[in-house]
Amino acid sequence: MNWVTSVPFVYPALESVHIVGIGLLLGSLVVFEMRVWGLGRALELRALARLALPIAVGGFALALTSGGIMFFSQFDEMLGNQAFVLKMGLVAIAGLNAIAFHLRGGLTADARFARIQTALSLGLWIAVIVCGRWIAYK
């Protein structure tokens, strides 16, 4: 993976793709979560979910792919970076929260618990972004 750090434009291009992925992920989740919290009641929740959630998954896939390439290009450094390790832990928790939301039928089940889970989701993803920015500053 030496080419990632040795070719001048590759790492910045990967960072750009990573940011686009994060934007798609978080932007779609915020729109969906606002609807779960009661805003935009004119929008049917399931129809919005069919639009927003695949975009969020696509954004996650972009961020995961670009982030994975950047990670493997600096494997040892990243594993020693506390902000990176914390970020990965938060991503895992956010993923488990999303899986739990959908397995329990989050779109149709207890609305109060759905609001709690989506608030947790938003907080976790914001914390992931903050940790991601701290990686460069250790």
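The values are calculated or read from the model by the stated rules, or taken from the named source; none is laboratory data. Being a predicted model, the structure only gives us computed values, none of them experimental. Note: ideal-geometry Cβ built from the backbone for every residue, glycine included; neighbour counts use all protein chains shown. In case anyone asks, the SASA skips ligands and DNA or RNA and just uses the protein heavy atoms, side chains included. Shrake-Rupley method; radii C 1.70, N 1.55, O 1.52, S 1.80 Å.
Taking R0 as 25 Å, what's the FRET efficiency between S6 and M88 from their Cβ-Cβ distance, rounded to 0.05?
Working from the Cβ atoms, E equals 0.50.
Is there a quick way to get the dipole size of segment 1-126? I mean about its Cα centre, with the Cβ of Lys and Arg at +1 and of Asp and Glu at -1; what is the value in debye to the nearest 20?
That gives segment 1-126 a dipole magnitude of about 600 debye.
Counting other C-beta atoms within 10 Å, and keeping those with at most 14, which DSSP coil trypsin sites (Lys or Arg not before Pro) do you find in segment 1-92?
Sparse-neighbourhood loop trypsin sites (Lys or Arg not before Pro): R41.
Using Cα pairs closer than 8 Å and at least 6 residues apart in sequence, work out the relative contact order for segment 1-76, in percent.
The value is 48 percent.
Before rounding to the nearest 500, sum -39500 (n - 2.57) across all DSSP H runs of length at least 4 in the chain and divide by the residue total; then give [θ] at 222 nm in deg cm²/dmol.
It comes out at -27500 deg cm²/dmol, rounded to the nearest 500.
Report Rg(Cα)/(2.2 N^0.38 Å) for the chain, keeping two decimals.
1.16
Could you give the radius of gyration (one decimal) and Dmax (whole number) of the Cα atoms in segment 90-138, in Å?
For segment 90-138, the Cα-based Rg and Dmax read 12.9, 43 Å.
Heavy-atom accessible area of I126 with all protein chains present, probe 1.4 Å, nearest 10 Å²?
It works out to around 80 Å².
I need the calculated FRET efficiency for the pair T108 and L39, taking r as the beta carbon distance and R₀ as 22 Å, to the nearest 0.05.
Approximately 0.70, to the nearest 0.05.
Let me cross-check E15: its accessible surface, 1.4 Å probe, with only protein heavy atoms counted, in Å² to the nearest 10?
Counting only protein heavy atoms, E15 exposes about 80 Å² to solvent.
Where does segment 57-100 land on Rg/Rh, using Cα atoms and the Kirkwood Rh?
On the Cα set of segment 57-100, Rg over Rh gives 1.01.
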